[in-house]
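Trainee: First the structure, then my questions, so here it is.
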Amino acid sequence: MEAKNDVSARFIEAYETLLRDKKVSDKRDFAAKLGISASMVTEISKGRSSVGTSAIQNIVLQFNIDAKWLLTGEGAMLQETENNNAPTPKHTVEIAHQVPHGSSEGIPLIPLDAVAGFPAESGGGVRLEDCERYVIPEFENKGANFLIRVSGDSMVPLYYSGDLLACRKITDIRFFQWGTVYVLETSQGVLVKRVQESVDHADSILCVSENSSVHHPFLLPRDDIRSLSTIVGLVRLV
């Protein structure tokens with residue numbers, strides 16, 4: 001383990017403990033349960049990247065890791081449990097909170113049935129003042145413009161139905177980083193897909209699902225893309 005940041009080092013220590021105790025089968029399994037990539041776990045372990053807020057939240061919720069130990073090094077790695085094995089958290093860390101209706105603070109959560117009208121510049125769609133808003137400092141620091149909730153299983157195991165994705169809108173929708181997952185607003189609604197180049201159809205892109213055994217790749221015409229956003233964060237509720 002080469003992680004230099006104390007929190008990141010303890011994060012990797014927790015991963016190694018979970019692996020040893022057979023709570024996870026391998027790095028890919030661990031990463032999928034936290035909503036991050038296996039390569040990100042490697043980057044954290046080598047000290048080239050720091051563990052993010054959403055991964056901290058998810059390892060605490062998913063594996064009963066004590067938040068105070070993870071953030072400060074104090075106490076035991078695992079939360080104490082009662083006789084019925086129900087977790088008894090010793091320390092609560094607020095990562096996000098909802099703001100009162102009408103406030104302009106925080107990041108708006110766009111309802112899925114209204115996303116098709118946002119965040120395009122047409123002026124239609126949902127009104128931001130009608131959306132729930134959440135203060136999530138890490139996502140705001142990454143330039144997140146809005147949150148959406150995942151629906152369906154096409155991106156399992158990367159994203160699960162109910163996950164909240166923090167999205168940053170891209171101004172120029174003509175260029176893609178192939179192999180990246182984007183949020184695409186189209187005439188058919190909003191898609192969360194990994195995008196690949198279509199060699200035989202220059203006027204289209206290839207949309208690929210993580211759950212490819214059920215959801216097959218398909219072509220999407222470039223001129224059907226109304227807006228494009230990258231994903232800068234994830235909140236998984238369990």
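Trainee: Among the aliphatic types (A, V, I, L, M), assigned by TED's automatic domain parsing to the domain that holds Val214, over 25 Å from Ala55 (Cβ atoms) and modelled with pLDDT of 90 or more: is that true of Ala202 in this structure?
Mentor: When the stated conditions are applied, Ala202 passes them.
Trainee: Restricting to segment 209-228, name every residue that is among the acidic types (Asp, Glu) and either over 23 Å from the mean Cα position of the chain (by Cα) or not assigned by TED's automatic domain parsing to the domain that holds Val195 (or both).
Mentor: Once the filter is applied, which keeps residues that are among the acidic types (Asp, Glu) and either over 23 Å from the mean Cα position of the chain (by Cα) or not assigned by TED's automatic domain parsing to the domain that holds Val195 (or both), segment 209-228 yields Asp223, Asp224.
Trainee: What residue, among those in segment 194-221 that are outside any strand (DSSP E or B) and touching a Ser or Thr at 6+ places or on another chain (Cβ under 6 Å), is surrounded by the most Cβ atoms within 10 Å (Cβ to Cβ)?
Mentor: Residue satisfying both the conditions and the ranking: Ser209.
Trainee: Kindly indicate whether Gly143 is within 23 Å of Phe30 (Cα to Cα) and either surrounded by fewer than 16 Cβ atoms within 10 Å (Cβ to Cβ) or within 12 Å of the chain's Cα centre (by Cα) (or both).
Mentor: no
Trainee: Considering only segment 222-232, state which residues are basic (Lys, Arg) and crowded, with 17+ Cβ neighbours inside 10 Å.
Mentor: Scanning segment 222-232 gives a single hit, Arg226.
Trainee: With respect to the numbered conditions (1) outside any helix (DSSP H, G or I); (2) farther than 20 Å from Leu234 by Cα; (3) modelled with pLDDT of 85 or more, which one is the sole condition not fulfilled by Glu16?
Mentor: All conditions are met except number (1).
Trainee: Out of the residues in segment 155-189 that are crowded, with 21+ Cβ neighbours inside 10 Å and more than 13 Å from the chain's Cα centre (by Cα), which is modelled with the lowest pLDDT?
Mentor: Once the filter is applied, the top-ranked residue is Glu185.
Trainee: Can you name the condition, by its number, that Val51 falls short on among (1) in contact with a Phe, Trp or Tyr (Cβ under 7 Å, 6 or more places away or on another chain); (2) modelled with pLDDT of 85 or more; (3) not basic (Lys, Arg)?
Mentor: Going through the list (1) in contact with a Phe, Trp or Tyr (Cβ under 7 Å, 6 or more places away or on another chain); (2) modelled with pLDDT of 85 or more; (3) not basic (Lys, Arg), Val51 breaks only (2).
The values are calculated or read from the model by the stated rules, or taken from the named source; none is laboratory data. Everything numeric in this text was worked out from a predicted model, so none of it was measured. Glycine also receives a Cβ, built like all others from the backbone with ideal geometry; neighbour counts cover every protein chain displayed.
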